[in-house]
Amino acid sequence: MGIGPEPLRGLAYGRYGCIQLAIGSGRCKDNPRRCPNVEQVPAMPKEILRTRVLIVGAGPVGLALAADLGWRGIPCTIIEQSDGVIHHPRATAVNARSMEFFRRWGITDLVRKAGTPPDFPHTVLFVTSLQGFEIARIERPGHGGIRPTETSPERPQRCNQLWLDPILRDLATGFSCVTLRYRWRFESFVEDQEGIVATVHDLGTDEVRTITADYLVDCSGGHSTLRQSLGIEMRGSPDIDYNLSIFVRAPDLWKYHDKGKAALIHFIAAQGPRRNLVLLDGRELWRFGVTGKEFYDDPERVDANRLFDEVAGEETPREIISVRRWSARDVVADRYRLGRVFLAGDAAHLNHPDGGFGLNTGLGDIADLGWKLSAALEGWGGSLLLDSYESERRPVGLRNVRQAEENLQIKKRRQIESTIGDSTTEGAEARHRMRAAILRDSTRNYVTDGTALGYTYDPSPICWGDGSPPTADTITEYRPSSRPGSRAPHAWLADGRSTLDLFGSGFTLLRFGDDPPAADSIVAAFARRGMPLSEDRIQERNVRSLYERSVVLVRPDGHVAWRSDDLPDDPLALADRVRGAG
Ligand SMILES: Cc1cc2nc3c(=O)[nH]c(=O)nc-3n(C[C@H](O)[C@H](O)[C@H](O)COP(=O)(O)OP(=O)(O)OC[C@H]3O[C@@H](n4cnc5c(N)ncnc54)[C@H](O)[C@@H]3O)c2cc1C
């Protein structure tokens, strides 16, 4: 990028919106009093730090992007305004697709060991209280532990961000091309033809720094000021839930009630707020959730011990570690890309956390964006490739957020009879009716293999459709498909590897059976365009029938780009299409 002593001119985006400015003069052409961020732009930056991709926010999504880019050898810098220490738990549920991403980065053992012990049941329990009545339970035998399922080499796991974020941080910073800076706050940026010039406040030294980059990725979460400065709106349900999150230590909680071990416990009471307990470490740590505006508005006055007494009983030992308030909405950003800026994770979509979609959807964003940024920087990505991030990922964001919203509405519509906690015949009947309603309507909230593995990029500007009918979009059950746009299915190979283990950082051409079409013309076309491609022959018949065609081209993110029983008429057109130049 040509950054010289001349003042830079361009569009600047800061915490207060878009302004025209000339860096160097430090003057805003608009009324400076309406553009206070101008004060934060240095008159003459002492040192300009250069990177290829600047990532704002070292939450799990930013860290995962840094790790993915590092894994691909792309220099990047990730800045985080906090010191990186996590004091309070948020996400715990890691779905099978996220575990598959972790498998590719070699961290699944760490995630499994850090999270809930393998023998702890992932049961979802519904009770009036732990000392009261059990209403229903949803078992999840496909979750946790190490035995593979039929559809994935990885099972969903429970690993809270208390442990997951440090694993991702260590992974990212293990790559020499990744730079992580804590206590650096992104303030504003200028974009011109050649790239991004960002202004960052080093909170440790109270200095203003300048970072230049080819691309800027906003992973700064739901309150992103960067997104707001771009004028990108979040749209969706206006329904806001107000919550308290209470971090509790309650060792061996299950010894103080008769309901057994469960990973999630929902409390259903005739009166009172919605409440739940979320298991964190399988021993003593829990997140106690309480919904209600009255708690949110005045957390200082909340008696967390009394609330805990109500659900667990006064005799149950506990220590309240911390209390935080948070609100939940189901919204998606209008745009995922504007020029050289991309939005990912909570900066792009927010949802109620019950189904465990937020972090997992954010990791899906990263899997899509990482290879596209890498292709653009390596020079083989076409002009449509980066645009395809929005056209592929935004529909997935809308889909998952819609599902979270539907789940919430189902829960809110459910009538709780006044006798539900009574030890009478009426009480038993009320619980029976509630049980039937929960089993009918709520399994989709907790068993989400279809949501996790079944999303497809259809239509996609960079996949080559084959005219086959779309696969049904399901929630609880995942139906494997090699239809272009789908996640390439998992199957075990004779040598013990999963088909997913064949997919590296480039494209993979799978050829099935004893006499598959020769791949030479495709290999030559990809080589001509400088595109990374590896080839694999697969003899196993069951895998051939799962993949449905003789030749299947898989993208660097493990999604199918093209499939056929024959060679393409124009291999160069295929290469151009899947690199975003078609
Ligand atoms: C109670 C609760 C339970 C949840 N449970 C689940 C679950 O089980 N499964 C699931 O998938 N999801 C769950 N989620 C959602 C999940 O926590 C989020 O989706 C996830 O943390 C989003 O990650 P992120 O990296 O996009 O954003 P964040 O985690 O919000 O990280 C953004 C980072 O950017 C930093 N930042 C912000 N502005 C700046 C700036 N100007 N400069 C530098 N840094 C900045 C912030 O300090 C922060 O560290 C839950 C959420 C909540 C609240």
Every residue from the range 311-320 that is surrounded by fewer than 16 Cβ atoms within 10 Å (Cβ to Cβ) and touching a residue at least 24 places away in the same chain (Cβ under 8 Å): Gly313, Glu315, Pro317, Glu319
Over the range 163-206, the set of residues open to solvent by 50 Å² or more (accessible area, probe 1.4 Å), more than 22 Å from the chain's Cα centre (by Cα), among the acidic types (Asp, Glu) and at pLDDT 95 or above is Asp206
When residues of the range 305-338 are limited to those that are under 30 Å from Ser229 (Cβ atoms) and of a type in the set (Asp, Glu), the one farthest from the ligand (Cβ to nearest atom): Asp334
Number of the exception - Thr212 against (1) away from the ligand (no atom under 16 Å from the Cβ); (2) open to solvent by 10 Å² or more (accessible area, probe 1.4 Å): (2)
Sole residue being within 16 Å of the ligand (Cβ to nearest atom), open to solvent by 10 Å² or more (accessible area, probe 1.4 Å) and out of contact with any Gly (no Cβ under 8 Å at 6 or more places or on another chain), chosen from Val111, Val124, Val85: Val85
Filter the range 334-393 down to the residues that are modelled with pLDDT under 95 and small (Gly, Ala, Ser), then identify the one that is farthest from Thr92 (Cα to Cα). Ser383
Check off (1) buried (at least 20 other Cβ atoms within 10 Å of the Cβ); (2) among the hydrophobic types (A, V, I, L, M, F, W, C); (3) out of contact with any Phe, Trp or Tyr (no Cβ under 6 Å at 6 or more places or on another chain) for Leu369 and give me the number that stays unchecked. (3)
Do we find that Val290 is within 14 Å of the ligand (Cβ to nearest atom) and farther than 16 Å from Val61 by Cα in this structure? yes
Among residues of the range 567-578 being in contact with a strand residue (DSSP E or B) (Cβ under 8 Å, 6 or more places away or on another chain) and within 18 Å of Pro516 (Cα to Cα), the residue least open to solvent (accessible area, probe 1.4 Å) is Pro568
If you check Gly485 against the conditions, is it open to solvent by less than 10 Å² (accessible area, probe 1.4 Å), within 22 Å of the chain's Cα centre (by Cα) and farther than 30 Å from Leu264 by Cβ? yes
All-but-one check, Ala581 against (1) in a loop (DSSP other than H, G, I, E, B); (2) open to solvent by 20 Å² or more (accessible area, probe 1.4 Å); (3) of a type outside the set (D, E, K, R); (4) in contact with a strand residue (DSSP E or B) (Cβ under 9 Å, 6 or more places away or on another chain), failing number (4)
Right, Tyr242: within 26 Å of the chain's Cα centre (by Cα), surrounded by 19 or more Cβ atoms within 10 Å (Cβ to Cβ) and of a type in the set (Ser, Thr, Tyr) or not? no
Here are some conditions: (1) of a type in the set (D, E, K, R); (2) surrounded by fewer than 23 Cβ atoms within 10 Å (Cβ to Cβ); (3) under 22 Å from Gly355 (Cα atoms). Arg155 meets all but one. Which one does it not meet? (2)
Residue set Asn305, Asn360; condition more than 19 Å from Arg235 (Cβ to Cβ) and in contact (Cβ under 8 Å) with a residue 24 or more places away in the chain; output residue Asn360
Within the range 464-481, restricting to residues that are touching a helix residue (DSSP H, G or I) at 6+ places or on another chain (Cβ under 8 Å) and of a type in the set (S, T, N, Q), the one that is surrounded by the fewest Cβ atoms within 10 Å (Cβ to Cβ) is Thr476
Show me the helices (runs of 4 or more DSSP H) entirely contained within the range 342-441 in which 3 or more residues are within 30 Å of Phe133 (Cα to Cα), more than 16 Å from the ligand (Cβ to nearest atom) and of a type outside the set (Gly, Ala, Ser). 387-413, 425-441
Among the residues of the range 227-242, the number that are within 12 Å of the ligand (Cβ to nearest atom) and in contact with a Leu (Cβ under 8 Å, 6 or more places away or on another chain) is 2
What's the total number of residues in the range 327-366 that are touching a Phe, Trp or Tyr at 6+ places or on another chain (Cβ under 9 Å), more than 21 Å from Gly450 (Cα to Cα) and crowded, with 24+ Cβ neighbours inside 10 Å? 5
Apart from one, (1) open to solvent by 30 Å² or more (accessible area, probe 1.4 Å); (2) within 12 Å of the ligand (Cβ to nearest atom) all hold for Ser98; the odd one out is (1)
Of everything in the range 46-77, what is more than 9 Å from the ligand (Cβ to nearest atom), part of a strand (DSSP E or B) and crowded, with 23+ Cβ neighbours inside 10 Å? Give them in sequence order. Val53, Leu54, Ile55, Cys76, Thr77
Could you please let me know if Leu500 is of a type in the set (A, V, I, L, M, F, W, C), modelled with pLDDT of 95 or more and closer than 27 Å to Trp105 by Cβ? yes
Here the residues within the range 260-284 that are of a type in the set (A, V, I, L, M) and more than 14 Å from the ligand (Cβ to nearest atom) are Ala262, Ile265, Ile268, Ala269, Ala270
Please go through the range 127-141 and pick out each residue that is more than 16 Å from the ligand (Cβ to nearest atom) and either open to solvent by less than 30 Å² (accessible area, probe 1.4 Å) or of a type in the set (Asp, Glu) (or both). Val127, Thr128, Ser129, Leu130, Gly132, Glu134, Ile135, Ala136, Glu139
Within the set of pairs 6 or more residues apart or between chains, which connect a residue that is touching a residue at least 12 places away in the same chain (Cβ under 8 Å) inside the range 424-447 to a residue that is exposed (fewer than 15 other Cβ atoms within 10 Å of the Cβ) and not small (Gly, Ala, Ser) with Cβ atoms less than 7 Å apart? Ala437/Arg414; Thr443/Thr476; Arg444/Thr476; Val447/Thr476
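The values are calculated or read from the model by the stated rules, or taken from the named source; none is laboratory data. Computed from a predicted structure; not experimentally measured. Because the Cβ atoms are built from the backbone with ideal geometry, glycine has one as well, and the counts that use them run over all protein chains shown. SASA here: full protein model, heavy atoms, side chains in, ligands and nucleic acids out. Shrake-Rupley method; radii C 1.70, N 1.55, O 1.52, S 1.80 Å.
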